[in-house]
Each structure stands twice: as C-alpha cells, then as structure tokens.
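Enquirer: Structure provided below as structure tokens; questions to follow.
The values are calculated or read from the model by the stated rules, or taken from the named source; none is laboratory data. Just so we're clear, the structure is a prediction, and the values are computed from it rather than from any experiment. When we count neighbours, we look across all protein chains shown, and the Cβ atoms used for this are built from the backbone with ideal geometry, even at glycine. Note: areas computed on protein heavy atoms with side chains; ligands, DNA, RNA excluded. Shrake-Rupley method; radii C 1.70, N 1.55, O 1.52, S 1.80 Å.
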Amino acid sequence: METNSLLQIARDYGSPIYVYDAEKIVSQYKRLHTAFNKVKQVKINYAVKALSNISILKLMNTLGSGLDTVSIQEVQLGLKAGFLPEQIIYTPNGVSLDEIEKAAALGVQINIDNLSILEQFGTKHPKTPVCIRINPHVMAGGNTNISVGHIDSKFGISIHQIPHILRIVENTNMTINGIHMHTGSDILDIDVFLYASEILFETAKNFKNLDFIDFGSGFKVPYKPGDIETDIEEFGKKLTNRFNEFCKEYGKNLTLAFEPGKFLVSEAGYFLTKVNVVKQTTSTVFAQVDSGFNHLIRPMLYGSQHEIVNISNPKGRERFYSVVGYICETDTFANNRRINEITEGDILAFKNAGAYCYSMASNYNSRYRPAEILWHNNEAKLIRKRETFDDIIKNQIEIDL
Ligand SMILES: *Cc1c(COP(=O)(O)O)cnc(C)c1O
C-alpha cells in the first residue's frame, strides 16, 4: 500500500487506526493455494482469531476460504459473515462439553483435543463425526511461548495415547473423520514441519474413515528486514508429494487442510499512530505515540519486532528512537530503533499489524479501541468505528453506595 494512502487515512479517520490491505490478503491466499495445486482437494481455513472483523471474514469467504474457529463466538461470527457450517472447523482447547455440543448443533466440524471430552462427546453423539487434534511432540519454532507441540504442551492428544483414542472410538462407535495438528506459530524449518507430518500420517493409518488431514499452521512471515520466511513453494512441493503418496497408500483422496492466520493477514496490516511527545532524556530519545499495549501487545507479550516507519517524514535523516506508548505501564514498542527523524505530530506506521494486533486489543487505561479500515479497490472502507465513551461504560453498573 502507498504511504500517501496511509497518511490520508490517518488524516480522514484520525489515529490510532488499523488499516488492512485487501490486495495483500488476496495474494497471500492465492500464493498458498497455488503451492498446493497438485493436491486434488485442498482446504484453507482462515484462523479467525488472528483478525476477526466480520468484513475480513467476508473477504475470506469471497476467496473460497473456510474458517478455523476456537470459540463458539467465532463460530457465530463466521455464520453471520455468510459461511456455511460445513466450511467451519471448531478447534477449541479446554472448553466445556456444553459449548462443544452447541457448536456441533450448529453443524460445524468439531475438533476435539482431549480424551475426557472425546469419550463424553462420543458416548452422547456417536453419529457426529469428529476430528481429533494430535500432539506430535515436535518442538517447532524457537520461542516456547508459541511452541505448542512439545511434550508438556496443553494442546492436543499425545501420540502416546493413540491406544486410548482407539479404545474410546471402539467403545462409543463414533466416527473419526479427520486428524489435526497445530504445532505452533513461526515454523523456521520446513523439515521440522515435514517431520511432524510423518507422525500425523502414521497416526492417520489407525483411522479408517478419514475425510481430511489438517496440518494446522505455523507459517512464518518476515517481521523485520532480513527475517526469513517459510518457503511456501518449496514446502508445497515437498508436502504435496508426501500427501499424494499417503493418499494412495490409504486408498482414498483425502482433503489436505491448513488453518493459517498470520500468513494470510499479518503483512496486510498497518497500525497508524501519532507521535504526541518527543522526549529527550540524558541517554535516550523517546517517541511517545497515542497508543500502548492496550492496542498492540505483541512486542511486550512475545518480543515481536514490528518495523516502524515515519510516514510523515520518509526522507528525513535517520536517528535513534525508543518508541513507547502513552499508558501508565512500561509499553516499549521498540528500543533504540533507527527511524527517519520524528517531529511531534508525525504519523508512525507499524508494519505486520494484521495478525494478533486488533484482536488482542483491550480497553486498559479506559482508552478506546482503535478504528479499522479495509483498503479495498483503492478505497478506504471503515470496517469498525472507533469506540466512544459509551462503549467504555455500557456494561458497567453504578450501584447506590
Ligand atoms: C492460532 C491457531 C492457528 C493460526 O496460527 P497462525 O500462526 O496465525 O497461522 C491455527 N490453528 C489453530 C488451532 C490455532 O489455534
């Protein structure tokens, strides 16, 4: 997206504000789809939690995407956005049987990730086909915050418990129609992913009624210059070969499913903030923007380094800044970062602000959550209004004291 369009959006709609470039979302979707065009049936289920605005979901629907959901509310959002129940997979973790039954009643594909619920659900609803989430115990990515496949992770049913699964399936007469893994975000190494896939294939052989194998997600996108990203084309080639081979062995053309969040929307997003204050201390120059971890928490939560560009002065000489927020808490977005000279009032654009940014925003410090814009066909379309004081107060109850 052009810098000028971003600046114009900040002028027209104010800051802070999230902007998503529809074209980038479309091209990422197509890139992933193309990488697997040698597989007969491929299903990409967009992970709603990355960015859950209903207009983004509608955009995904126009592309032919399905949805990966982790809560009954995300299922409801997907249905409201026009998805059919069969286009939605529901992959919760640690939710009640009651919620899973509600999702099943809506007709979405259920994915169960623990033995207790599997047994209870199978006993009560043996006719509803269920996918099971496997934990292949593969450590993917370098950050333990986001590696969910290793030995003591809370996600998935351990591959060491396959005999238990088989016993439950036999006793309840339920049908397992899919198997799934999601080893975690930020896969650095295709071979790690392929290794985990082998474990999934091995597991799949135990189930005779599969329709699909879901490989989850974990595609890495570049955050800062020089970052490596998953080589989707290479990965596509390798996994396609292995998957087609497996289908032959299995005796059926299964659907290969993925559920990317970050890969589809991260790079499409820009978070625009205004510099309130430039504060020179004895050692540091702080640029304080009209936001904080209430609007973008990834740098503080995961140590993510979002590239920050001064779009008001893109040709200015570079200086070192620590970019921080305005909330009463340490909320450092960037430490001693080289940025084009900043003046109070400048607009800073945070890149890679599509995934897990707005969706993790809060009202901390009783601030409003930002507005959201979809940049579509060279036009800015408001897809979420900035909050107002009414939003802050609407569920609060003033009692007489
Ligand atoms: C969060 C999540 C995803 C998406 O992960 P990304 O790293 O954003 O691609 C996929 N599947 C499940 C089950 C998830 O919880």
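Enquirer: From 207, 212, grab the single residue that is open to solvent by less than 50 Å² (accessible area, probe 1.4 Å), in the same structural domain as residue 109 (by TED's automatic domain parsing) and closer than 20 Å to residue 36 by Cα.
Expert: 212
Enquirer: Next question, about the same structure. Name the residue that is nearest to residue 339 (Cα to Cα), counting only residues in region 203-256 that are hydrophobic (A, V, I, L, M, F, W, C) and part of a helix (DSSP H, G or I).
Expert: It comes out as 232.
Enquirer: Now for a different question. Could you grab me the full set of residues in region 375-391 that are of a type outside the set (Asp, Glu) and not in a strand (DSSP E or B)?
Expert: Initially, region 375-391 is screened for residues of a type outside the set (Asp, Glu), giving 375-378, 380-386, 388-389.
Result: 377, 378, 385, 386, 388, 389.
Enquirer: Additional query: For residue 19, all conditions in the list (1) touching a helix residue (DSSP H, G or I) at 6+ places or on another chain (Cβ under 7 Å); (2) more than 22 Å from residue 272 (Cβ to Cβ) hold save one; what is the number of the exception?
Expert: The one condition residue 19 does not meet is (2).
Enquirer: Mind counting the residues in region 250-261 that are within 10 Å of the ligand (Cβ to nearest atom) and in contact with a helix residue (DSSP H, G or I) (Cβ under 6 Å, 6 or more places away or on another chain)?
Expert: 1
Enquirer: Please work out which residue is surrounded by the most Cβ atoms within 10 Å (Cβ to Cβ), limiting yourself to region 292-321 and to residues that are more than 30 Å from residue 65 (Cα to Cα) and of a type in the set (Phe, Trp, Tyr).
Expert: So, considering only residues that are more than 30 Å from residue 65 (Cα to Cα) and of a type in the set (Phe, Trp, Tyr), the one surrounded by the most Cβ atoms within 10 Å (Cβ to Cβ) is 321.
Enquirer: Let me ask you something else. Only one of these is closer than 27 Å to residue 40 by Cβ, within 16 Å of the ligand (Cβ to nearest atom) and touching a helix residue (DSSP H, G or I) at 6+ places or on another chain (Cβ under 8 Å): 203, 183. Name it.
Expert: Working: 203 fails: within 16 Å of the ligand (Cβ to nearest atom).
Sole residue among the options that is closer than 27 Å to residue 40 by Cβ, within 16 Å of the ligand (Cβ to nearest atom) and touching a helix residue (DSSP H, G or I) at 6+ places or on another chain (Cβ under 8 Å): 183.
Enquirer: Sort through 335, 365 and tell me the only one that's touching a residue at least 40 places away in the same chain (Cβ under 8 Å), polar (S, T, N, Q) and open to solvent by 50 Å² or more (accessible area, probe 1.4 Å).
Expert: Details: 335 fails: touching a residue at least 40 places away in the same chain (Cβ under 8 Å).
So the residue among 335, 365 that is touching a residue at least 40 places away in the same chain (Cβ under 8 Å), polar (S, T, N, Q) and open to solvent by 50 Å² or more (accessible area, probe 1.4 Å) is 365.
Enquirer: Can you spot a residue in region 272-291 that is open to solvent by less than 10 Å² (accessible area, probe 1.4 Å), within 16 Å of the ligand (Cβ to nearest atom) and either touching a Phe, Trp or Tyr at 6+ places or on another chain (Cβ under 9 Å) or farther than 30 Å from residue 183 by Cα (or both)?
Expert: No, there is no match, as no residue in region 272-291 is open to solvent by less than 10 Å² (accessible area, probe 1.4 Å), within 16 Å of the ligand (Cβ to nearest atom) and either touching a Phe, Trp or Tyr at 6+ places or on another chain (Cβ under 9 Å) or farther than 30 Å from residue 183 by Cα (or both).
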